[in-house]
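What follows is one structure encoded as structure tokens, with my remarks underneath.
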Amino acid sequence: MKRVVVAGMGFAGVRAARALAGQGMEVLLVDRHNYHLFQPLLYQVATAGLEQESIAYPVRAMARNWPGTRFILAEITGADLDARTLRTSAGTIPYDYLVVGGGSVTNYFGNDAIARHSFDLKKLSDAEQLRNHILWSCERAVAETDPDKRRALMTFVIVGGGPTGVEFAGALIELVRYVLSKDYPELQAREARIILVEAAERLLLAMPEKLSAYGAEKLHRMGVELLFGRRVVGASGEQVELDGGEIIRAHTLFWSAGVRAAPLAEALGLPAGPGGRVPVLPDLTVEGRPELFVVGDMAHVVQDGQPLPMVAPVAMQMGVYAARAILAREWGRPLGPFRYRDKGSMATIGKSAAVAVSHGLNLRGYPAWLAWLLLHLYYLIGFRNRILVMLNWSWYYWFHERQVRLITDCERSVEKVE
Ligand SMILES: Cc1cc2nc3c(=O)[nH]c(=O)nc-3n(C[C@H](O)[C@H](O)[C@H](O)COP(=O)(O)OP(=O)(O)OC[C@H]3O[C@@H](n4cnc5c(N)ncnc54)[C@H](O)[C@@H]3O)c2cc1C
């Protein structure tokens with residue numbers, strides 16, 4: 001029986017594994033985490049809206065329903081591509097086919113100071129650490145008598161006006177205005193500053209201008225300060241430096257201004273294209289290696305003159321395609337090249353406010369928010385997770401309360417630890 005190794009159980013890996021299960025092949029699933037993480041909702045864990053368990057799902061719980069699959073919890077450290085073996089912390093794993101979906105990491109564009117003194121959202125622990133830090137900043141602000149220091153503790157700078165930056169900014173201002181203002185009556189809600197810095201002249205560049213303008217207007221009315229055409233060039237943990245030398249005193253810097261392919265691509269010795277992503281052929285294999293598929297954020301595919309974005313729908317479609325390509329080859333059937341079918345994109349801004357574009361249709365406000373809600377619930381893995389998330393969202397919708405206001409690690413929350 002031929003063996004397929006699926007390296008990485010993100011959006012692409014899970015789809016590939018599901019499509020390969022029960023098809024007469026041995027399927028080995030490898031990941032450094034024993035769960036699949038729903039990254040698009042990490043910002044809600046960071047802003048005390050969701051418990052971390054509700055956006056993660058154990059791989060073994062999925063695998064037990066997928067005939068012929070087995071999970072190995074291991075760090076993948078390298079490969080011998082000629083010998084078709086993967087090196088992992090759990091030993092060497094031979095394969096006939098390899099599907100690599102290692103995802104991406106935050107790109108700081110070589111700025112070490114920003115990397116050291118900013119928060120990002122990629123892992124569950126990042127979200128918990130950021131939530132701890134936000135709540136700790138409030139605790140410290142309450143005890144602070146110097147008004148300048150107090151203001152710096154309550155100033156949050158967000159870099160990047162893409163969906164992650166916009167969603168985080170909206171969720172954070174709602175947390176401060178509706179929830180923390182009640183928890184900390186000593187702090188004036190208006191003392192808190194949330195500043196979103198975007199290098200371009202508008203938010204949500206992938207969306208039509210009208211929707212960007214709606215998003216910006218909505219955030220502005222909610223109290224988020226928007227700085228367009230500006231860049232953050234430095235950080236020290238107590239202040240943030242903008243291009244032109246302007247300094248903002250702020251203890252929190254959230255970086256969502258770029259991603260690059262996961263280091264796994266380099267560890268496997270794969271060719272590197274823009275952003276470290278691996279250039280692949282139209283069937284998602286690496287040139288000269290017909291048994292090696294690269295999928296999801298790690299794969300660089302140009303379609304209609306544009307590189308495909310690093311988003312979950314692209315990853316899911318690539319994962320399914322790679323599985324089908326392997327099966328087609330085994331069964332001696334033809335399969336056309338990979339083509340991404342874009343069903344649209346969306347971003348939520350706050351309660352009852354979102355923007356969405358799908359099949360040429362532009363939605364904003366409540367209908368877009370409802371569509372966002374339903375789609376995220378649909379794609380979340382696990383019935384219990386869906387119930388938990390729905391409960392938390394309903395609770396917030398009706399009572400303006402975020403339940404997960406817990407500081408779970410006091411020491412690490414004060415200083416970011418690498
Ligand atoms: C905060 C945030 C918000 C986002 N919001 C949206 C959104 O609203 N809509 C949208 O479409 N997309 C969104 N995305 C992007 C989306 O999550 C990614 O495009 C998607 O996760 C990519 O899927 P993937 O399978 O390529 O990688 P991932 O889902 O990142 O999975 C990669 C897997 O590989 C594993 N791995 C990596 N290296 C190793 C190694 N060396 N050894 C073992 N295992 C390894 C990881 O543990 C992980 O499980 C968001 C991303 C983030 C971080």
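Summary table
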| read-out | value |
| --- | --- |
| Rule-of-thumb Rg ratio for the range 28-85 [Cα; 2.2 N^0.38 Å; N residues] | 1.46 |
| Cut-off under 5 Å, modelled amide H: who pairs with residue 349 long-range | 354, 355 |
| Karplus 3J(HN,Hα) series, Hz, for the range 19-32 with 6.51 cos²θ - 1.76 cosθ + 1.60 (x for Gly, Pro) | 6, 8, 4, x, 10, x, 10, 8, 10, 9, 9, 10, 8, 6 |
| Stokes-Einstein D in µm²/s, Kirkwood radius over Cα pairs - the range 107-228 at 25 °C with 0.890 mPa s viscosity | 159 µm²/s |
| Computed P(r) (all Cα pairs; the chain; 10 Å bins; percent) | 4, 21, 30, 25, 14, 4, 1, 0 |
| Angstrom value of the Kirkwood radius, inverse mean 1/r, which spans all Cα pairs in the range 272-418 | 18.8 Å |
| Whole-Å semi-axes of the range 88-163's equivalent ellipsoid (Cα gyration tensor) | 39, 15, 11 |
| Among the listed pairs 122/343; 182/351; 122/149; 182/218; 123/351; 210/351, those beyond 27 Å (Cα-Cα) | 122/149 |
| Sorted by Cβ density within 10 Å, fewest first, the residues 212, 54, 181 | 181, 212, 54 |
| Histogram of C-alpha separations across the range 296-345, 5 Å bin width, % | 4, 20, 28, 22, 13, 9, 2, 0 |
| Binned Cα-Cα distance frequencies in the range 1-126 - 5 Å width, integer % | 2, 10, 19, 19, 17, 14, 10, 6, 3, 1, 0 |
| Translational D in µm²/s for the range 9-58 (Stokes-Einstein at 20 °C, 1.002 mPa s, Kirkwood Rh from C-alpha pairs) | 174 µm²/s |
| Directionally averaged projected area (convex hull, Cα atoms, the range 208-331), nm² | 11.4 nm² |
| Hull-based mean projected area of the range 266-333, where the convex hull spans the alpha carbons, in square nanometres | 4.9 nm² |
| √(5λ) per eigenvalue of the Cα gyration tensor, the range 304-386, largest first, Å | 31, 17, 9 |
| log10 of Debye I(q)/I(0), alpha-carbon scatterers only, for the range 139-209 at 0.18, 0.27 Å⁻¹ | -0.73, -1.17 |
| Within the chain, percent of DSSP bridges classed antiparallel, to nearest 5 | 50 percent |
| Proxy reagent accessibility, fewest Cβ within 10 Å first, across 366, 214 | 366, 214 |
| Among 390, 373, 357 - extreme Cα towards positive end, dipole of the range 337-416, charges at beta-carbon | 357 |
| Packing-based exposure ordering (other Cβ within 10 Å, fewest first) of 398, 255 | 398, 255 |
| Diffusion coefficient, µm² s⁻¹, Stokes-Einstein with Kirkwood Rh over alpha-carbon pairs of the range 198-242 at 20 °C and 1.002 mPa s | 183 µm²/s |
| Computed [θ] at 222 nm, helices only, for the chain once each DSSP H run of length n ≥ 4 contributes -39500 (n - 2.57) | -10000 deg cm²/dmol |
| Dimensionless Rg ratio for the range 152-285, taking C-alpha atoms and the 2.2 N^0.38 Å reference | 1.28 |
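The numbers here are math on the coordinates, done by the rules we state, and not lab data. Every value quoted in this text rests on a predicted model; they were computed, and no experiment measured them. Backbone-built Cβ (ideal geometry, glycine too); neighbour counts: all protein chains shown.
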